[in-house]
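Enquirer: Sending over a structure as structure tokens; questions will come in a sec.
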Amino acid sequence: MSRKLSACPGWLKLSEDRTSFILPPDRAEIVRRIFEASIAGLGGYTIAKQLNAKKVPPFGPSPKWDQSTVNNMLRNRATIGEHQPKRYRNRKAFPEGDPIPDYYPVVIEESLFQAAQIARQKNLASGRGRKGHLVTNLFAGLTTCAYCAGPVRFHSNGNAKSLICSKVIHRLGCYRMAWSYRDFENSFFDFVKTHESEPALGRGEQGVLAKLGTLIRAIPGPEVYDARMGIALTLKATVSELKIASAGALPIAGKPDVRIRRDGPERYFEVKFRGGSTHRGFPLNQK
């Protein structure tokens, strides 16, 4: 006789005879979306808030999603099928023995699980984790400086939001020029819409640009969050290089303590999708 099961993770169900686990496809999709949102930089609070706003039913008895539930799921290796036996002392659980692989139905691949752990560690280390109702920076982790190859960071100073070379932020050199975030985003969107039907592009690039174009056109609608999240995830999966040249092709070196200026007239960016060639894009006012 098969051993009767007494419990399972919230995204699973027990069979009627309580001898096996069942993974409902809709719950598997929700778990995947939570991990993808975490990888995109959202914190547990924002993920829970978005799930509640979209009226996604929670897995447990609670009527709503909360930050603790999301964070517990994101670090739970049961999502990749692993079971850790435990013993209890004074109502506290302690690991006992080695983890058992393939004990539960696998919901996500380990690479996705590990990517979420790295993203969460970065957010905790920097004290961030997006809390806004939209994905603020669609290009997080992708942009690099065309001059020094260092990372280009999203920098907020009051209402002024810009993309700035990290060396400039830390006064370590490079050209003290920034690109206004909204202007860069709009310029990138225009690049996508201009090139998505270009016949000279490879099939892979055309497919990516077509998908991005569809998501961009959905932004003014009611599903703005889903559209922006879709753009962020698509970019993360398909862009191999995104270089920003905020000071143009022939920048002039300035003093290291000079004020950071924004939106130089000769600025441009270069983007390369996986398997494709490098393309150059320009701000809207240069067209």
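Enquirer: In terms of solvent-accessible area of protein heavy atoms at a 1.4 angstrom probe, what is the ranking of His195, His170, highest value first?
Expert: His170, His195
Enquirer: How large is Rg/Rh for region 130-267, to two decimals, with Cα atoms and a Kirkwood Rh?
Expert: On the Cα set of region 130-267, Rg over Rh gives 0.99.
Enquirer: Just the projected area, averaged over all directions, of the convex hull on the alpha carbon atoms of the chain: how many nm²?
Expert: Averaged projected hull area, Cα only: 20.1 nm².
Enquirer: Now a separate question. How high is the FRET efficiency from Asp102 to Ala149, r the C-beta distance, R0 35 Å, rounded to 0.05?
Expert: Efficiency, from the Cβ-Cβ distance: 0.25.
Enquirer: For an R0 of 45 angstrom, estimate the FRET efficiency from the Cβ-Cβ distance between Lys255 and Lys122 and round to the nearest 0.05.
Expert: Using R0 = 45 Å, I get an efficiency of 0.90.
Enquirer: In a Debye calculation with equal point scatterers on the alpha-carbon sites of region 62-183 and no solvent, what is log10 I(q)/I(0) at q = 0.20 Å⁻¹?
Expert: Summing over Cα pairs of region 62-183 leads to -1.20.
Enquirer: Next up: For region 1-117, with every protein chain kept in place, what is the accessible area per residue (1.4 Å probe, Å²)? Spell out each step's value before the answer.
Expert: On the way: 7010 Å² over 117 residues.
Value for region 1-117: 60 Å² per residue.
Enquirer: Around Asp263, which amide H atoms from residues at least 5 apart in sequence, or from another chain, sit under 5 Å from its own amide H, with H modelled in the peptide plane?
Expert: Ala178, Trp179, Ser180
Enquirer: Let me ask something additional. Starting at 0 and stepping by 5 Å, how many percent of the alpha carbon pairs of region 231-287 end up in each bin?
Expert: Taking every Cα pair in region 231-287, the percentages come to 4, 16, 21, 20, 16, 14, 7, 4, 0.
Enquirer: Keeping all protein chains in position, work out how much accessible area Leu215 exposes to a 1.4 Å probe, and write it in Å² to the nearest 10.
Expert: Looks like 40 Å² after rounding.
Enquirer: Assign one of three labels to region 145-203, namely rounded, prolate or oblate, based on the Cα gyration tensor with a ≥ b ≥ c the square roots of its eigenvalues; rounded applies when a/c is under 1.5, prolate when it is not and a/b is larger than b/c, and oblate otherwise.
Expert: Because a/c hits 1.5 or more and a/b fails to exceed b/c, region 145-203 counts as oblate.
Enquirer: What list of ³J(HN,Hα) couplings, whole Hz, do you get for region 211-220 from phi and the Karplus terms 6.51, -1.76, 1.60, once you set θ to phi - 60° and write x for glycine and proline?
Expert: 5, 4, x, 4, 5, 4, 5, 8, 4, x
Enquirer: Using alpha-carbon positions, what is the distance between the centroids of region 148-172 and region 202-217, in Å?
Expert: 28 Å
Enquirer: Suppose R0 equals 35 Å; then what is the FRET efficiency for Phe282 and Arg32 from their Cβ-Cβ distance, rounded to the nearest 0.05?
Expert: 0.45
Enquirer: How large is the translational diffusion coefficient of region 1-119 in µm² per second when you combine the Kirkwood radius over alpha carbon pairs with Stokes-Einstein at 20 °C and 1.002 mPa s?
Expert: This corresponds to a translational diffusion coefficient of 140 µm²/s.
Enquirer: So, one more: Give the relative contact order (percent, whole number) for region 138-203; include only Cα pairs under 8 Å separated by 6+ residues.
Expert: 20 percent
Enquirer: Once both axes come from the Cα atoms, what is the angle between helix 224-238 and the longest principal axis of the chain, in degrees from 0 to 90, rounded to 10?
Expert: 80 degrees
Enquirer: Using Cα atoms only, what is the angle between the long axis of helix 25-39 and the major principal axis of the chain, expressed in degrees (0 to 90) to the nearest 10?
Expert: Around 40 degrees separate the two axes.
Enquirer: Taking the Cα centre of region 1-125 as origin and charging only Cβ (+1 Lys, Arg; -1 Asp, Glu), how large is the dipole, in debye to the nearest 20?
Expert: Rounded to the nearest 20 debye, it is 600 debye.
Enquirer: May I ask for the angle, rounded to the nearest 10°, between helix 181-195 and the longest principal axis of the chain, with both axes built from Cα atoms and the value confined to 0 to 90°?
Expert: It works out to around 90 degrees.
The values are calculated or read from the model by the stated rules, or taken from the named source; none is laboratory data. Just so you know, these numbers come straight off a predicted model, no measurement behind them. No Cβ is skipped: glycine too gets one built from the backbone with ideal geometry, and neighbour counts run over all protein chains shown. We work out accessible area using only protein heavy atoms, side chains counted, and drop any ligands, DNA or RNA first. Shrake-Rupley method; radii C 1.70, N 1.55, O 1.52, S 1.80 Å.
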